[in-house]
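> One structure is given below, represented as structure tokens, and several questions about it will come after.
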Amino acid sequence: MNPVQVTPELERYIFDLLGPRDAPMRAMEEHAERENVPIVGPHEGKLLYLLAKLAGSKRILELGAATGYSGAWLLRATAGGSLVTIERDPRRAALARANLAAAVPNGDAEVLEGDVFQVLPHLEGPFDACFNDLLNSLASEQDIERLFMLSLEKVRPGGLLLADNALRQGEVSAPRGQQARNVAAYNKLVAATPRLESVIVPIRDGLSIALVSD
Ligand SMILES: C[S@@+](CC[C@H](N)C(=O)[O-])C[C@H]1O[C@@H](n2cnc3c(N)ncnc32)[C@H](O)[C@@H]1O
């Protein structure tokens, strides 16, 4: 059987079945559309939510908050747990704080402003899940490896290591540019790490899902 090609019609069909999003989520989606903020969108957001919920995640770490959209899905999945998310753009960090407060009133969300390499080493683990949304943002394969090692050590055994853009717009299988080489390096590290059981799901730009063991 040939794999299904996700046509715009099928995509609309899938989106329609996700169920309605509430006003704070829709406002973030509309803002992202208007301002070109690269958020995960509702389809992948719902998958992140379900993964975190299925894994019983209560304390989640996110790298790359932007305006708080994926963070809101993740925080909702914890049902009373907490989210720590890192963002280096001060305007986006402020928006993320406001959006997370609106999407999850009384939720325990901490938006840490700064570069991930400055902030992450000082964070105390363990976390039940880490969502890395910086694969497209780093300068080199060395940075990819550094961030991979830093984030892996923050996740408890039995936890989830997730990363967006694992297919880098389809360029990852024959990388030519630096960004595609970075993403390919991340995927290779995940696949080659014996403590990780992993798969890439070709949703949107690709989601890398890995389960951490001892
Ligand atoms: C793809 S966006 C995150 C989207 C968000 N996770 C969502 O789906 O709603 C990546 C974000 O990471 C931030 N960023 C890029 N490099 C960073 C770094 N070295 N440290 C911290 N944040 C960084 C960017 O400013 C951007 O807002």
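> Return yes when GLU29 is touching a residue at least 40 places away in the same chain (Cβ under 8 Å), closer than 24 Å to SER208 by Cα and within 8 Å of the ligand (Cβ to nearest atom) and no when it is not. Break it down into steps so the answer makes sense when it comes.
Working: touching a residue at least 40 places away in the same chain (Cβ under 8 Å): yes; closer than 24 Å to SER208 by Cα: yes; within 8 Å of the ligand (Cβ to nearest atom): no.
Considered against the rule, which asks whether it is touching a residue at least 40 places away in the same chain (Cβ under 8 Å), closer than 24 Å to SER208 by Cα and within 8 Å of the ligand (Cβ to nearest atom), GLU29 comes out as no.
> Looking at (1) closer than 26 Å to THR7 by Cα; (2) within 17 Å of the chain's Cα centre (by Cα), which is the only condition SER173 fails?
Of everything listed in (1) closer than 26 Å to THR7 by Cα; (2) within 17 Å of the chain's Cα centre (by Cα), SER173 misses just condition (2).
> Still on this structure: Condition test on ARG88, is it within 12 Å of the ligand (Cβ to nearest atom) and charged (D, E, K, R)? Outline the logic, then answer.
Values: within 12 Å of the ligand (Cβ to nearest atom): yes; charged (D, E, K, R): yes.
The answer is yes for ARG88.
> Turning to a different aspect of this structure: For the subset of segment 1-45 comprising residues that are in a helix (DSSP H, G or I) and touching a Ser or Thr at 6+ places or on another chain (Cβ under 7 Å), which member is surrounded by the most Cβ atoms within 10 Å (Cβ to Cβ)?
Residues of segment 1-45 in a helix (DSSP H, G or I): 8-17, 23-35, 41-45.
Next cut, touching a Ser or Thr at 6+ places or on another chain (Cβ under 7 Å) only: 28, 31-32, 45.
Details: MET28: 27, HIS31: 15, ALA32: 17, GLY45: 24.
So, considering only residues that are in a helix (DSSP H, G or I) and touching a Ser or Thr at 6+ places or on another chain (Cβ under 7 Å), the one surrounded by the most Cβ atoms within 10 Å (Cβ to Cβ) is MET28.
> Which members of segment 163-180 meet the condition of being surrounded by fewer than 17 Cβ atoms within 10 Å (Cβ to Cβ) and of a type outside the set (Asp, Glu)? If you could, list the steps in order and put the result at the bottom.
Of all residues in segment 163-180, those surrounded by fewer than 17 Cβ atoms within 10 Å (Cβ to Cβ) come to 169-171, 173-178.
Of everything in segment 163-180, those that are surrounded by fewer than 17 Cβ atoms within 10 Å (Cβ to Cβ) and of a type outside the set (Asp, Glu) turn out to be GLN169, GLY170, SER173, ALA174, PRO175, ARG176, GLY177, GLN178.
> Given the criteria under 18 Å from LEU134 (Cβ atoms) and among the charged types (D, E, K, R), does ARG204 qualify? I'd like the intermediate steps shown before the answer.
Numbers: under 18 Å from LEU134 (Cβ atoms): yes; among the charged types (D, E, K, R): yes.
Yes: the conditions hold for ARG204.
> Check ARG12, ARG34, ARG21 and return the single one that is basic (Lys, Arg), touching a helix residue (DSSP H, G or I) at 6+ places or on another chain (Cβ under 7 Å) and either at pLDDT below 95 or more than 30 Å from LEU152 (Cβ to Cβ) (or both). Even if it seems obvious, please write down each step before you answer.
Numbers: ARG12 fails: touching a helix residue (DSSP H, G or I) at 6+ places or on another chain (Cβ under 7 Å); ARG34 fails: touching a helix residue (DSSP H, G or I) at 6+ places or on another chain (Cβ under 7 Å).
Among ARG12, ARG34, ARG21, only ARG21 is basic (Lys, Arg), touching a helix residue (DSSP H, G or I) at 6+ places or on another chain (Cβ under 7 Å) and either at pLDDT below 95 or more than 30 Å from LEU152 (Cβ to Cβ) (or both).
> For segment 123-136, check the following and say yes or no: at least one residue is within 9 Å of the ligand (Cβ to nearest atom) and surrounded by fewer than 19 Cβ atoms within 10 Å (Cβ to Cβ).
Within segment 123-136, one or more residues are within 9 Å of the ligand (Cβ to nearest atom) and surrounded by fewer than 19 Cβ atoms within 10 Å (Cβ to Cβ).
> Condition check: touching a Gly at 6+ places or on another chain (Cβ under 7 Å), more than 10 Å from the ligand (Cβ to nearest atom), of a type outside the set (Gly, Ala, Ser) and without any contact (Cβ under 8 Å) to a residue 40 or more places away in the chain. Does LEU100 satisfy that? Break it down stepwise before answering.
Details: touching a Gly at 6+ places or on another chain (Cβ under 7 Å): yes; more than 10 Å from the ligand (Cβ to nearest atom): yes; of a type outside the set (Gly, Ala, Ser): yes; without any contact (Cβ under 8 Å) to a residue 40 or more places away in the chain: yes.
Taking the combined requirement at face value, the residue satisfies it.
> OK, next. Name the single residue, out of those in segment 46-61 being under 17 Å from PRO157 (Cβ atoms) and within 14 Å of the ligand (Cβ to nearest atom), that is surrounded by the most Cβ atoms within 10 Å (Cβ to Cβ).
ILE60
> So which residues in segment 67-95 are crowded, with 24+ Cβ neighbours inside 10 Å and assigned to a loop (DSSP other than H, G, I, E, B), if there are any at all?
THR67, GLY68
The values are calculated or read from the model by the stated rules, or taken from the named source; none is laboratory data. The model shown is predicted, which means the values in this text are computed figures rather than measured ones. With ideal geometry, Cβ positions are generated from the backbone for all residues, glycine too; neighbour counts draw on all protein chains shown.
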